[in-house]
Amino acid sequence: MSDVYNLGRFVVAQNYPGSADNYEAAVRELRAGRKKSHWMWFVFPQLDGTLGTTVASLPRTLNDVVRSRLGSLDPDVHEALLAASCMATPTVEMVAMATIGDGDQLVDLLEIAEDKGIISIDGNRIHFTHPLLARGVYTEARPAARRAMHRRLAELVDETELRARHLALAATRGDDVTLRALDKAADSARARGAPEAAAELTDLAIGLGGDAPERRLRSALNHFDAGDHERATTMLQETVSRLPPGDLRAEALCRLAVVRLYTEGFFEATTVLQQALDDADDDSPLRVQVLITLAYSLMHANQVREGKDVARQAVEDAERLGQPHLLSLALGMRVMLDFVAGEGFDDASLQRALELEDEDAFTPLVFRPRMQHALLLEWTGELATARQKLEAIRLRCMEKGEEGEYVFIAQHVVMSSVWAGDFINANLVAEDAMERARQLSGGTPLFLAHSMRAPLAVFAGQEAEARRTIAAGLEIGRQTGTFRLGERLLATLAFLEVSLGNYPEALAAVAPLLSGFDPASTPTELPGAAFLPDAIESLVQLGRLAEAAPLIEALERNGRTFDRAWMLAVGGRGRAMMLAATGDLAGAHVAAQQAMTEHERVDMPFDRARTLLLLGQLERRMRKKEAASRSLQLALEVFERHNLPLWANRTRAELARANVGPQGSNLLTPSEQRVAELAASGMKNRDVANALFISPKTVEANLARIYRKLGIRSRAELGRHIGGVQTTRR
């Protein structure tokens, strides 16, 4: 729980301005299957409505039971029990300090309550024998007595968050001391990676009368990072509606746009950002923030040229205003837009952005130069370094509890893992991201989760699952305006069709992408050009060589211009296919060998194995049986090692023609195999989750599939199975 002190049990989720009654909200959330507010605390002693006014009482029959236990007790015993009921983990020492001051005398008093079955004393710890008794003690006390007790406890505790919660419960309206304590506690909670607790503390300050726009903006930020996008949106919309035009409203609009980017998509975000620009002063640093966010939104709405202009304006304004951190963000966004526009990787500008970046300043991940650096390294083939940086960012999001950022970074971790051939990590991260996306509000997280799962389903040979995931993702993409990201799902669909040998269907899938592709000017950088190898293979297989040629030439030309090994490798493979289709097997063989040379420069095992498959086919047709067998066997080893059945089957068919018998593949997927091995070693689910940096629920889901596939029911059986397999391998 984010409330490490468990004092939240005393505080009902406030009737936030503009929200429904707590009871109705709780019913709605129960029906929807997801709790977002704090109604769980209705079962504990708590304040209802405005802080410090009324307490939810027990049902009458239960009240009678509690009163029968408490009614005859001495007032000093009542006071001691009240102190205990005001604490999450009451101790004899703390209760004594809050009441009579003498620990021995207090024990004598508490033994009276212990004899009546109200509490038990375990060493220094005090336990109520039933939560209802704690609630009864609290609700039966006069409001003034409760507030006085919390005030005393606030003076006794040292922990920032604990003191702030006691001060809040001691108040009917927020004085400066209480509000400052809550703000400080919220900052402390955020710093320790507990944005949900930070949001609750900030909302306590708002509920106590500290309803300032700046505090509302902090609340929205904390709710967003905690994954409650809906609450963040509501808070920001209410704030915008209350503010006059100006920088503060522009800031609220800009933050609302960022939430829209992560939830509703780019249509909504762009509209909100245009409103923010109208509000922001021309000489305000805030205007630069709005321009940077707008440039990003335009990029993903496939308005790259417009986005470039906006990013350049952001750089000029940041330079003029002398704002180093804002300049770093503007430079990073300009570098990204230039790269996407096909102008190459401006490493010098990005290095300057990294030097100027303020690591401590709040900045959404998508705008941080260190994130952009990792992505550009990934897209330009520096996969090992990129994966290391991306994984470090993902783990930081997990540690900080930044649910709002997690799904975004997860998609890039999955992509880089797939390219590097680490399908185990890719599957585990994708599954974890889908679980988190389902808990978040808005379409963008779900879209990203679908875009991760779809290619993995294709690689795993799960045709029906792949088609369902692609269709669902494309529908979400249409609703959210994620055009640029939506192209990746179309590319995934084409990859599925090529994997199945359905070349007309593959071309139909990428038709929208090809219609907007000008070989003379459109960039061929990853990830945007990932569809080109499948488009080229489909065109060649269908005899449409004149249409394939310009695509191949674009890859080869841009590969030479920017020294991109991936472009030269897949371009060379396409060239080999086209030459073979014209009957020039010797020329095709040379082109395929040149492609293999380029593959050595970039660690992308699947693409390399795909070229090996083509090389083996060419060598078989050239009657180079031994060379063909060697190339095909190498390709099959990659496809089988990574459990890629569709491509393994194609390779086996070629090997059969070359009279070489392939080896079989395993029953479990690589990610399931890794989970099984760790679980069989004696590790608990949580330990496996920590080792693989996934959630325990993801581990549980994997184990359920493993048990079903292996026909086993226990950890012991799993241990025997894994041990037997490893012995056989040795």
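Quick look at the numbers
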item: Of residues in segment 665-689 being surrounded by fewer than 19 Cβ atoms within 10 Å (Cβ to Cβ) and assigned to a loop (DSSP other than H, G, I, E, B), the one farthest from the chain's Cα centre (by Cα); result: S665
item: Condition met for A511 (surrounded by 19 or more Cβ atoms within 10 Å (Cβ to Cβ), more than 28 Å from L377 (Cβ to Cβ), over 28 Å from the mean Cα position of the chain (by Cα) and modelled with pLDDT of 95 or more); result: no
item: Residues satisfying the stated conditions in segment 324-349, i.e. more than 30 Å from G227 (Cβ to Cβ) and surrounded by fewer than 21 Cβ atoms within 10 Å (Cβ to Cβ); result: P324, D338, A341, G342, E343, G344, F345, D346, D347, A348, S349
item: Complete set of residues in segment 690-725 that are under 31 Å from the mean Cα position of the chain (by Cα), hydrophobic (A, V, I, L, M, F, W, C) and farther than 14 Å from E677 by Cβ; result: F693, I694, A701, A704
item: Residue satisfying all of: in segment 209-227; among the small types (G, A, S) and part of a helix (DSSP H, G or I); surrounded by the most Cβ atoms within 10 Å (Cβ to Cβ) among these; result: A220
item: Boolean, A529 is within 20 Å of L474 (Cα to Cα), buried (at least 22 other Cβ atoms within 10 Å of the Cβ), small (G, A, S) and in contact with a Pro (Cβ under 8 Å, 6 or more places away or on another chain); result: yes
item: Scan of segment 274-310 for residues that are outside any helix (DSSP H, G or I) and either touching a Leu at 6+ places or on another chain (Cβ under 8 Å) or at pLDDT 95 or above (or both), ordered by number; result: A280, D283
item: Cβ-Cβ under 7 Å pairs, at least 6 apart or on other chains, segment 241-266 side within 15 Å of Q289 (Cβ to Cβ), far side part of a loop (DSSP other than H, G, I, E, B); result: D247/A280; D247/D281; D247/S284; R249/L243; A250/A280; A252/L243; V258/P364
item: Lone unmet requirement of (1) over 25 Å from P504 (Cα atoms); (2) among the hydrophobic types (A, V, I, L, M, F, W, C); (3) free of Cβ contacts under 8 Å to residues at least 60 places away in the same chain; (4) buried (at least 16 other Cβ atoms within 10 Å of the Cβ) for I552; result: (1)
item: Residue match in segment 370-393 (condition: within 30 Å of R192 (Cα to Cα), aromatic (F, W, Y) and either at pLDDT below 95 or touching a helix residue (DSSP H, G or I) at 6+ places or on another chain (Cβ under 8 Å) (or both)); result: no
item: Residue that is nearest to T270 (Cα to Cα), among those in segment 491-505 that are among the hydrophobic types (A, V, I, L, M, F, W, C) and buried (at least 19 other Cβ atoms within 10 Å of the Cβ); result: A491
item: Among (1) at pLDDT 95 or above; (2) buried (at least 18 other Cβ atoms within 10 Å of the Cβ); (3) not acidic (D, E), the one test that T561 misses; result: (2)
item: Residues of segment 514-550 that turn out to be farther than 14 Å from G342 by Cα and more than 35 Å from the chain's Cα centre (by Cα), as a count; result: 12
item: Helices (runs of 4 or more DSSP H) (entirely within segment 136-194) containing at least 1 residues that are acidic (D, E) and surrounded by 15 or more Cβ atoms within 10 Å (Cβ to Cβ); result: 160-169, 176-191
item: Single residue of segment 513-549 satisfying the filter (in contact with an Asp or Glu (Cβ under 8 Å, 6 or more places away or on another chain) and free of Cβ contacts under 8 Å to residues at least 40 places away in the same chain) that is farthest from L375 (Cα to Cα); result: L539
item: Single condition A232 does not satisfy, out of (1) modelled with pLDDT under 90; (2) part of a helix (DSSP H, G or I); (3) among the small types (G, A, S); result: (1)
item: Residues located in segment 480-496, provided they are free of Cβ contacts under 8 Å to residues at least 40 places away in the same chain and more than 22 Å from the chain's Cα centre (by Cα); result: L493, L496
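Yes/no matrix, rows are residues, columns are (1) surrounded by fewer than 23 Cβ atoms within 10 Å (Cβ to Cβ); (2) free of Cβ contacts under 8 Å to residues at least 60 places away in the same chain; (3) over 26 Å from V258 (Cα atoms):
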residue: L446; (1), (2), (3): yes, yes, no
residue: E463; (1), (2), (3): yes, yes, yes
residue: A466; (1), (2), (3): no, yes, yes
residue: A472; (1), (2), (3): yes, yes, no
residue: R478; (1), (2), (3): yes, yes, no
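Per-residue answers, yes or no, for (1) surrounded by 15 or more Cβ atoms within 10 Å (Cβ to Cβ); (2) touching a residue at least 60 places away in the same chain (Cβ under 8 Å); (3) part of a helix (DSSP H, G or I); (4) in the same structural domain as F459 (by TED's automatic domain parsing):
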residue: L614; (1), (2), (3), (4): yes, no, yes, no
residue: E626; (1), (2), (3), (4): no, no, yes, no
residue: R630; (1), (2), (3), (4): yes, no, yes, no
residue: L636; (1), (2), (3), (4): yes, no, yes, no
residue: N643; (1), (2), (3), (4): yes, yes, no, no
residue: A656; (1), (2), (3), (4): no, no, yes, no
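The values are calculated or read from the model by the stated rules, or taken from the named source; none is laboratory data. Remember, predicted model here, so these are calculated numbers, not experimental data. All Cβ positions, glycine included, derive from the backbone under ideal geometry; neighbour counts span all protein chains shown.
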